[in-house]
Amino acid sequence: MNNLFNRPWVYKIISLIFAIGLFAYVNEGSLSTTRGSQENNQEQLANKKKSVKVPLEVQSDTDKYFITGYPEKVTVRLEGPSALVTTTVNTQNFKVSADLRDLSVGKHRVRLQQQGINKDLTYQISPKYITVNIQPKQTKTFPIQLEFNKDSVADGYTIGTTKMSQETVNATGSKSDIAKVDQIIASVNTENNRKTAVDQEVLLQAVDKSGKIVNVVLDPQTIHVNIPIYLPTKKLDLDFEQSGDSDSQLAYSFTSDTTSVKVSGKQDVLDKLKSLTIPVDVTGITQTTTKDINVSLKDTNLQGVDPESVRVTIKVTQSDSSSTSKSASQDNDSSQTASSSSQSSNTASKSSSSGSQSTDSDDSEAE
């Protein structure tokens, strides 16, 4: 075996095998690249079909004429090399137009034209023709009429003053269509039993006397509408009433810097109220105290009150019955004292009288 590798021709054979292998590897990569490039070129050169929607441009004296009957967009079907079709669809560097500049007032059938589509592409515009109506243009200002279903408001709630972002709108159209416009309405739609304000953008519509929409352009097309919806309110004076367990020997009086509150509720409920009574719990209070009292709406059928609490000063004094009892006790003690003094005086008087009689008796015996 060692003798075999010592021979020169063996190394020549091995070198040849490596060379052939390297050549095959390099050519295989080149062939793959060439094949991929050819497939890519074939793909780019292959035909492709694609449809795209584009705006329709109308060429006319729009300051003088009002034109109707044409679509806002048209469809263009493109066919040609794949790369070119894709680029054209993505960039849309072409336009489709209707030239009306040389046409008079009336209806006309017009063929649509394109500008900018590459000559290597074939195209088809749909529709090919449009029918337009050219009429003298007129702009007129109309007041906006607000439509709102008052029955959708919850029972007892009040509708306030409606506010709109603007009171008028400009309507532009043909003279014949402007003549048909009876009013511009802003129709506000809300759910039933509404209890909160309406605050929304509302679409404007031009209608004729029968309520059908007239084909005119409105500026603006929408307005902002605010409709306040709320419960009626009323101001009521406060009456404070003692409640809770109190000491019979103490008297309580109540004062507060807040003498009235604003209440809300249905109108028929408010009409029956002249004042609002607030119970003040004096349980455990033996000296003058100040505390916050919640304004309770229980059993009043009212919906709200402002403020919801008031600060009340509870003044504590001795009751009149306690003072009268003490005074009567003092008078009784005085009477008893006076009676004892009188009895003592009478006893002393009697003793003096007895002493006087004894003296007289002794004097008589001595004689």
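Using a Cα-Cα cut-off of under 20 Å, which lysines could be cross-linked to Lys180, ignoring same-chain neighbours fewer than 8 residues away?
Result set, ordered by chain and number: Lys64, Lys107, Lys137, Lys140, Lys209, Lys212.
Among the lysines, which fall within straight-line cross-link reach of Lys73, defined as a Cα-Cα distance under 19 Å, with same-chain neighbours fewer than 8 residues apart omitted?
Leaving aside lysines fewer than 8 places away in the same chain, those within reach of Lys73 are Lys50, Lys53, Lys95, Lys128.
Calculate the dipole size of the range 63-152 relative to its Cα centre from +1 charges on Lys and Arg beta carbons and -1 charges on Asp and Glu beta carbons; express the result in debye to the nearest 20.
On the way: 13 positive and 8 negative charges, 58 e Å.
Computed about the Cα centre, the dipole is about 280 debye.
Give the percent of DSSP beta bridges with both residues in the range 48-127 that are antiparallel, rounded to the nearest 5. If you can, show how the numbers build up before the last one.
Working: 16 of 20 bridges.
Of those bridges, close to 80 percent are antiparallel.
Which percentage, to the nearest 5, of the DSSP beta bridges contained in the range 137-230 is antiparallel?
80
Using +1 at the Cβ of each Lys and Arg and -1 at the Cβ of each Asp and Glu in the range 233-319, identify which of Thr288, Thr317, Leu273 lies farthest towards the dipole's positive end.
It is Leu273.
Quick one: which residues, 5+ away or cross-chain, put their amide H under 5 Å from the amide H of Ser319? H built at 1.01 Å from N.
Under 5 Å from the amide H of Ser319: Leu250, Ala251.
Along the range 146-152, what does the Karplus equation 6.51 cos²θ - 1.76 cosθ + 1.60 (θ = phi - 60°) give for ³J(HN,Hα), rounded to whole Hz, x for Gly and Pro?
With the stated coefficients, the range 146-152 comes to 8, 10, 8, 7, 5, 5, 7 Hz.
Read the figures in this text as sums done on the coordinates, not as results from a lab. On a predicted model such as this, the values are computed, not experimentally measured, just so you know. FYI the Cβ positions are ideal-geometry reconstructions off the backbone, even for glycines, and counts take in every protein chain you see.
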